[in-house]
1. Would you work out if region 62-106 is rounded, prolate or oblate? Take a ≥ b ≥ c from the square roots of the eigenvalues of the alpha-carbon gyration tensor; rounded if a/c is under 1.5, else prolate when a/b is larger than b/c, oblate otherwise.
2. Among PHE131, PHE67, which comes first, second and so on when ranked by fewest other beta-carbon atoms within 10 Å?
3. Test of understanding: ordering ARG37, ARG125 by Cβ neighbours within 10 Å, fewest first, what list do you get?
4. With each label point set 7 Å from Cα along the Cα-Cβ vector, what nm distance links SER46 and THR122?
5. Pull out the extension gain between GLU82 and THR99, defined as 0.36 nm times the separation in residues minus the alpha carbon to alpha carbon distance; nm, one decimal.
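Nothing in this text is a laboratory measurement; each read-out follows from the coordinates by a stated rule. Since we're looking at a predicted model, the values are computed, not measured. FYI the Cβ positions are ideal-geometry reconstructions off the backbone, even for glycines, and counts take in every protein chain you see.
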Amino acid sequence: MDTTPAEAVQVITLPKTGHKTNEVARQPKLGRFSDLRVYQRFQETSGYIRRPGSGRWRMGSGRDDRFVVTSTLRNWLSNAIELRQKLLEVCNVSINQRTFRKGLDEAGLTAYHPAISTKLTTASRQARRQFITDHLNYVYDYWPAVMP
């Protein structure tokens, strides 16, 4: 969880006003150790500047994220593999499948693909019901012969 500048100000000023560390940790709803790191960084540098991330580059840009969201909303019956393939074709960006699904989840979307199955007809329902009534009172030892 990233610490916002407002939370950092609270973490830095509350101990100076006489609040205990537990009270400080509850105020911005961070954690005790997150507060401690922010406070130590403030004491070392005399200011709070958010450090850059781990240095790992993102595979996609904000434009690619917007493309994924709009294409998901347009083609809502597509699954994640098809949407990822479309991103590769159009934007020439290859993203891991898990990362792609995480991005969809962060946007509040899920790739949807309906299950394809045959619908039960009235004849098949009647056949199932007849099978159940015929074999209702059979003992457990008889079932391996009925169900191969």
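1. On the way: a/c = 1.19, a/b = 1.09, b/c = 1.09.
Rounded shape, in that the Cα axes give a/c under 1.5.
2. Numbers: PHE131 11, PHE67 18.
With the sparsest Cβ surroundings first, the list reads PHE131, PHE67.
3. Starting with the residue having the fewest Cβ neighbours, the order is ARG125, ARG37.
4. 8.8 nm
5. Working: separation 17, 0.36 × 17 = 6.12 nm, distance 1.46 nm.
Between GLU82 and THR99, full extension yields 4.7 nm more.
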